[in-house]
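Report on the following structure.
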Amino acid sequence: QVQLVESGGGLVQPGGSLRLSCAASGSIFRINAMGWYRQAPGKQRELVASIISGGNTNYLDSVKGRFTISRDNAKNTMYLQMNSLKPEDTAVYYCNADVQRFGLSYSNTYWGQGTQVTVSS
């Protein structure tokens, strides 16, 4: 199986920064696309940022210029550097990965358990 574990969430004041990490472990042959999603109370889950194995990235318009997604393929780990945080960034952040396991010719999508980010003074 494959596990995704997020860390790095917490409480931060507006204008502050946080760095989220997502570590993948298990029977991993290859990780294709990875992404960060978030879900605020009463709202649908939305894609915040994504990165493919080659390094190309995409961002939600509202976080462009403030958030940076990256990955360390050797460590099977993805990061989200969040700067200039705003109260509207408050949400549970989930990591997501498209993973091909050893011995399989196809990939599956896996989710982490989520980490809370609260931006408040």
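The values are calculated or read from the model by the stated rules, or taken from the named source; none is laboratory data. What you see is a predicted model, and the numbers here were worked out from it, not measured in a lab. Positions of Cβ are backbone-derived with ideal geometry, glycine not excepted, and every protein chain shown enters the neighbour counts. With ligands, DNA and RNA removed, areas are computed over all heavy atoms of the protein, side chains included. Shrake-Rupley method; radii C 1.70, N 1.55, O 1.52, S 1.80 Å.
Using Cα-only point scatterers and the Debye equation, what is log10 of I(q)/I(0) for the chain at each q in 0.10, 0.20 Å⁻¹, rounded to two decimals? Log10 I(q)/I(0), no solvent term: -0.29, -1.05.
Restriction of the chymotrypsin sites (Phe, Trp or Tyr not before Pro) in the stretch 1-103 to DSSP coil positions whose beta-carbon has at most 12 other beta-carbons within 10 angstrom yields F102. Only Cα pairs under 8 Å and 6+ residues apart enter the sum, and on that basis the relative contact order of the stretch 42-105 stands at 19 percent.
Shown are R45, R19, whose ranking by accessible area with a 1.4 Å probe and every protein chain present, most to least, is R19, R45. For the chain, the dipole from Cβ point charges (+1 on Lys and Arg, -1 on Asp and Glu) about the Cα centre works out to 100 debye, to the nearest 20.
Given R0 = 25 Å, the distance between the Cβ atoms of S62 and L11 translates into a calculated FRET efficiency of 0.75.
Our summary gives the chain a relative contact order of 36 percent, counting only alpha carbon pairs under 8 angstrom and 6 or more residues apart.
Take the Cβ-Cβ distance between I28 and N83 as r, set R0 to 22 Å, and report the resulting FRET efficiency rounded to the nearest 0.05. Calculated transfer efficiency: 0.15. Potential lengthening of the chain between S121 and S107 amounts to 0.8 nm, from the contour at 0.36 nm per residue minus the alpha-carbon distance. For the stretch 16-121, build the charge dipole from Cβ charges (+1 Lys, Arg; -1 Asp, Glu) around the Cα centre, then report which of S27, S121, A40 sits farthest towards its positive end. Most positive-ward Cα: S27. Counting only protein heavy atoms and a 1.4 Å probe, the chain has 52 square angstrom of accessible area per residue.
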